[in-house]
Amino acid sequence: MLTPDTIRALTSWLVSAADPCAPTAPRIPAARPDSIATSDPAGGTTDIEDGEPPYTLLVLHDGDAVDAPPGTRCLAGVAVAIHPVLVGSYRRGLIDLLPDLAAALAPSDHGAALRPDELSALIQRRAADRLTGVFTPPQPGMRLVACAIAYDDVHTDVDLGAAGGSDPILMVRRIDAVDVDGRVYQAVLLPSAHATVLVDDEPDPVDTPATYAGLTALLAAAVEHTTATPAIGG
């Protein structure tokens with residue numbers, strides 16, 4: 001189980017990650033250009049313009065901090081950019097893509113069967129080896145604690161519309177996350193506001209983000225995969 005300190009650190013990390021302009025925002029590395037997440041369904045690659053990608057898979061590990069007093073722990077985050085072309089190839093976007101990534105990461109002898117189409121075949125071929133590197137602990141002794149998806153979304157401000165002010169339809173940045181204990185985190189960055197996060201210790205499946213099932217499946221597959229895969233150097 002995650003300690004209260006780890007939960008607070010994870011919450012703060014997600015709040016900062018939702019606002020890349022914040023002074024305390026974590027530095028998220030760019031995805032490799034050959035990443036499965038930047039590949040288009042035809043098998044080629046499509047460049048992502050400079051700036052934050054529309055979709056980003058975030059993976060967080062917890063462990064002892066390097067060059068710090070004994071017992072000091074830290075969070076390490078890894079990011080993979082997901083190109084809109086890939087997300088748009090699914091009828092329900094991220095909702096359908098995330099379970100396919102989980103199925104691709106699961107051991108082949110009992111993993112869920114992927115849909116028999118070109119896109120699923122592409123993901124099955126490339127996701128296992130690329131995601132293995134993403135979910136592997138960045139240093140010995142670290143553990144996988146959460147995975148998240150960052151994306152732009154439409155937000156309706158009912159109060160703003162009722163007051164006759166500006167357009168009540170706003171574009172916001174969201175990060176949905178699930179940790180290894182099953183908690184759900186929902187961070188949101190509204191225009192001209194600070195990012196906030198809601199933590200649900202006992203999520204109700206009927207009242208969770210649409211990405212919840214996919215993130216849960218992906219995290220479970222990643223934990224199983226990394227447990228079954230020997231760590232580098234021992």
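Values quoted throughout were computed directly from the atomic coordinates according to the rules given, and no laboratory measurement underlies them. Because the structure is a prediction, the values reported are computed rather than measured. Here Cβ is always computed from backbone atoms with ideal geometry, including for glycine, and neighbour counts include all displayed protein chains.
Converting phi to 3J(HN,Hα) with the Karplus coefficients 6.51, -1.76 and 1.60 and the offset θ = phi - 60°, segment 133-143 yields x, 5, 8, 5, x, x, 8, x, x, 7, 10 Hz in sequence order, with x at every glycine or proline.
Across segment 5-20, coupling constants 3J(HN,Hα) worked out from phi with the 6.51/-1.76/1.60 Karplus curve, θ = phi - 60°, read 5, 5, 5, 5, 5, 5, 4, 5, 4, 5, 4, 5, 5, 5, 10, x Hz, and Gly and Pro carry x. Positive contributions from Lys and Arg (+1) and negative ones from Asp and Glu (-1), summed over other residues with Cβ under 10 Å from the Cβ of ALA9, come out at 0.
For ARG73, the residues whose modelled amide H falls within less than 5 Å of its own, excluding neighbours fewer than 5 places apart on the same chain, are ALA65. Tally Lys/Arg at +1 and Asp/Glu at -1 over every other residue whose Cβ is under 9 Å from the Cβ of ALA210; what's the total? After counting each charged neighbour, the total is 0.
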